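The values are calculated or read from the model by the stated rules, or taken from the named source; none is laboratory data. All values derive from a computational prediction rather than experimental measurement. Here Cβ is always computed from backbone atoms with ideal geometry, including for glycine, and neighbour counts include all displayed protein chains. Protein only, heavy atoms only, side chains kept; ligands, DNA and RNA dropped before computing areas. Shrake-Rupley method; radii C 1.70, N 1.55, O 1.52, S 1.80 Å.
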Amino acid sequence: MAGGVWGRPRGAPVGALTLTALAEGIRARQGQPPGPPSTSPQPESELESEVEPQRAAASPTAGSETFCRPPAQEPAPVIPHQTPQSSWEDGALGDLALYTAACLEDAGFAGTQATALTLSSVLEAQGERLEDQVRCLVRGLLAQVPSLAEGRRRRAVLRVLSALALEHPRDVVCALLPCSLPPDRAAAELWRSLSRNQRVNGQVLVQLLWALKGTAGPQPEALALHELARGTCSPDTPKVWAPSYQGPPHSHASCTVEALRALLTGDGSRMVVTCMEQAGGWRRLVGAHTHLEGVLLLASAMVAHADHHLRGLFADLLPRLHSTDDAQRLTAMAFFTGLLQSRPTAQLLREEVILERLCTWQGDPEPTVRWLGLLGLGHLALNRRKVRHMSTLLPALLGALGEGDTRLVGAALGALRRVLLRPQAPVHLLSAELGPRLPPLLDDARDSVRASAVGLLGTLVRRARGRLWVGPRGPLRKLVLRSLVPLLLRLHDPSRDAAESSEWTLARCDQALRWGLLEEMVTVAHHNSPEALSRICQRLVQWYPSHVPSFLSQTQGYLRSPQDRLRRAAAVLIGFLVHHSSLSCVNQDLLDSLFQDLGQLQSDSEPSVVAAAQVSCQQVALLARTQHCPHCWRLLGLLRLPHLGQHHAHPARLPPVYEDSPFQHWSLAGHWDCSGPG
């Protein structure tokens, strides 16, 4: 690296060069008249001579050299033509940093910060943009640090970096990230040094978040997140990178995440790092479609384990909520939303101001903004034991159930569950409001939405157990009976989460309505037992005869499901319901419709569905026979089903017998260690 612009040949001692002299030297080389001495604070400690590592043994000891002026007429070294200008500047500014560090060996951080302001003014005197000079200075420091021996001088240099980061955090981060590709010991040491001061650490953490989502650093050296993860992957399968996974080993996103981890670890926030690892937060941070989820996880982890940073982060986020850069604005909104889980942090602003902001987000045309607003409303209303802002919260949550964005629906379902778990929850109101909204979600095409909706119903039933609205005419009783068929059939759901959630909710319904069918429901869930299902259908027909047509009509809809296991389960359920029903419960039109739909399954591509449909057709025909239904008998002949005798005979209605299901059934054995969901 070329020598400094102030004429020190490589290997020569630094001497006692003050910042004022540096500024005058810069002005002289720019052809400007020397200005008056700087009025900025000057360090009072004596300077030590700086030597190269190989001359350390011959250098004077600390404090042995008195303060002296720099040589006035020492010529600047000739710079070879082939030396790149950027390398020359980095070397010069690196020397400047070392000169400054030499002045600060006995100064604390406060003295370093004051002198760093003078250093900034010196850089400005060069007539270039200050941020460019700061970045050159950081790169120069990075090149010089490996040559410094451990000790006071090395620590002083790192203090200079921290002081610069406090005044110019964005420029320091933007300079360090590209130089960390690939990461080396010097870069790692600089990152660690930034974590040792709480104020600096907080500033740098925020800048790393912006860098992770933004476009900091030149391409292609420092790839931004969306550049890294852009591709043909769908939102359900994001392209991500983590140290233990395949992917770009030295990308901008990877270095940013590693820098975040280093800062948090060095700050004593190891639990934040651990929580992020366990929740997959680091992977989400670098995923194109999961970055904001990673930010939310990081905010939650910091609320739980690093609350000393929250006030500074919160204050730094506020102006960025109005950024014109969409990526930065969304990152700020996500962190703002996550920090609302902290009551002390949320109290930094008046609740009315926060509430107004979140309600404004609810009206944004961008689904992501509405999602973050919904999460924020939930955090604000539920960060205390008692639910607050109910008049604002509930309409927003209930309205989001009809959204097409999975994140919005999932956030609403999760927040409603948390509302129900609070003391004095509005169970009666939610029973009425969820009546028309929840049943369609039980059959939603999205696995996560389906499982969450089923779980919310179970939570609602558990909270309402023993209350009047579970009674014969209560709204929750109506909701349970309307949801009963989907719950029974979702025991066979292809999604394990939905199947387990259905079993849990059926157990809550059994307790609340005192059916006494828990054993049968568990047996159906774990062993797909036809006998247990037959007993359940017998009780339902006996207790709710007026609901039998509704049960059959609902089940009929599942005969057209794209899932083989659900079509078979629906055919079997129809067979048992019809077997235990009487003509007083089922009209002729419904029987004709059931017979036709079951008949269409005779050409199904799945053999087990065909076999189950044949058995259930016989049960429908046997029941219709008592009404002398000629249409059913013609269909029996067309379908070539087994002969059932003359139409005037009334043989006993034997129970249907179904073959074992070929589909693997979910079992909780080993999944929860046989102890249930906790």
* Accessible area (Å², 1.4 Å probe, nearest 10) - residue 413 -> 10
* Asked: When the chain is fully extended, how far beyond the present Cα-Cα distance does residue 353 get from residue 196, taking 0.36 nm per residue of separation?
  -> 53.1 nm
* Asked: With each label point set 7 Å from Cα along the Cα-Cβ vector, what nm distance links residue 366 and residue 329?
  -> 0.5
* Structure fact -> Computed Rg/Rh for the range 352-400 (Cα atoms; Rh = Kirkwood radius) stands at 0.95
* What is the distance in Å between the Cα centres of the range 368-413 and the range 144-165? -> 49
* **Between the range 538-604 and the range 252-280, the alpha-carbon center distance in angstrom** => 55
* **Accessible area expressed per residue, the range 405-562, with surrounding protein chains retained (probe 1.4 Å, Å²)** => 41
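Relative to the Cα centre, what is the charge dipole magnitude of the range 397-521, using +1 at the beta carbon of each Lys and Arg, -1 at the beta carbon of each Asp and Glu, and rounding to the nearest 20 debye?
640
Taking every pair of distinct Cα atoms and averaging 1/r, then inverting, what Kirkwood hydrodynamic radius in Å comes out for the range 489-630?
In the range 489-630 this quantity evaluates to 15.5 Å.
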* Asked: For residue 398 and residue 418 in the same chain, what is the full-extension length gain: residue separation times 0.36 nm, less their Cα-Cα distance, in nm?
  -> 5.8 nm
* How high is the FRET efficiency between residue 388 and residue 447 when r is their beta carbon distance and R₀ equals 22 Å, given to the nearest 0.05? -> 0.10
* Note the full-extension length gain between residue 660 and residue 588 as 0.36 nm times their separation in residues minus their Cα-Cα distance, in nm to one decimal. => 22.9 nm
* So for 154, 311, 477, what's the accessible-area order with a 1.4 Å probe, most first? -> 311, 477, 154
* Could you state how much accessible area residue 550 has, in square angstrom rounded to the nearest 10, with a 1.4 Å probe and all protein chains kept in place? => 60
* **Among 464, 431, 481 the positive-end extreme of the charge dipole of the range 416-496 (Cβ point charges)** => 464
* To do: Using a 1.4 Å probe and ignoring any ligands, DNA or RNA, find the accessible area of residue 406 and quote it in Å² to the nearest 10.
  => 50
* To do: Can you pull the one-decimal nm distance between simple spin-label points at residue 304 and residue 321, each 7 Å off the Cα toward Cβ?
  => 2.5
* Given a 1.4 Å probe and every protein chain left where it sits, what share in percent of the accessible area of the range 307-433 is carbon and sulfur? -> 51
